[in-house]
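Each remark here refers to the structure printed beneath this line.
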Amino acid sequence: MDVSEPTPRVNFELMQRHLHKKVLLVGQIEGIENNVARLRAADGGTVQVMTKPGGVFNTQFVQFEGIVESPTQLHELDHSSFGDSLDMGVYNELCKIANQDFPHLFY
């Protein structure tokens, strides 16, 4: 496993700092149309995720690994199911702690 460039966990607000870089974004799927998923991020922002063709999401909450294409768009590289129950408030706090308060503990 290559940890020379760890992938940051982001919410909608933090995603803006990582244009054209790889991130991990967790959110709730609100809809999918033509390989574009509408995702509500942990801090309430809405992100359009350009998914891989034929992508199937069996749970409400999904973690996307992808490249930030614009302040509101992510290009999927991979995804993981996060189940049907997730405390988005707690996950949002994790994103803030990992990126703002204690990044040396996470990256």
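Taking the stretch 15-27 as the region of interest, how many residues are outside any strand (DSSP E or B) and in contact with a Leu (Cβ under 9 Å, 6 or more places away or on another chain)?
Residues flagged as outside any strand (DSSP E or B) and in contact with a Leu (Cβ under 9 Å, 6 or more places away or on another chain) within the stretch 15-27 amount to 1.
Against the conditions (1) open to solvent by 60 Å² or more (accessible area, probe 1.4 Å); (2) assigned to a helix (DSSP H, G or I); (3) hydroxyl-bearing (S, T, Y), where does S85 fall short? Just the number, please.
Evaluating S85 over (1) open to solvent by 60 Å² or more (accessible area, probe 1.4 Å); (2) assigned to a helix (DSSP H, G or I); (3) hydroxyl-bearing (S, T, Y) leaves (2) as the failure.
Acidic (D, E), under 19 Å from D101 (Cβ atoms) and open to solvent by 60 Å² or more (accessible area, probe 1.4 Å): is that true of E13 in this structure?
It is true that E13 is acidic (D, E), under 19 Å from D101 (Cβ atoms) and open to solvent by 60 Å² or more (accessible area, probe 1.4 Å).
Can you tell which of E5, E30, E69 is acidic (D, E), in a strand (DSSP E or B), more than 11 Å from the chain's Cα centre (by Cα) and loosely packed, with under 13 Cβ neighbours inside 10 Å?
Matching residue, one of E5, E30, E69: E30.
For the stretch 82-100, what are the residues that are among the acidic types (D, E) and touching a Ser or Thr at 6+ places or on another chain (Cβ under 9 Å)?
Within the stretch 82-100, just D84 meets the criteria.
For the stretch 56-66, how many residues are surrounded by 14 or more Cβ atoms within 10 Å (Cβ to Cβ), more than 15 Å from R38 (Cβ to Cβ) and of a type in the set (S, T, N, Q)?
2
The values are calculated or read from the model by the stated rules, or taken from the named source; none is laboratory data. Quantities reported herein were computed from a predicted structural model and do not represent experimental measurements. Quick reminder, even Gly has a Cβ in these numbers, built from the backbone with ideal geometry, and neighbours come from all protein chains shown. Calculation scope for accessible area: heavy atoms of the full protein, side chains included, ligands and nucleic acids excluded. Shrake-Rupley method; radii C 1.70, N 1.55, O 1.52, S 1.80 Å.
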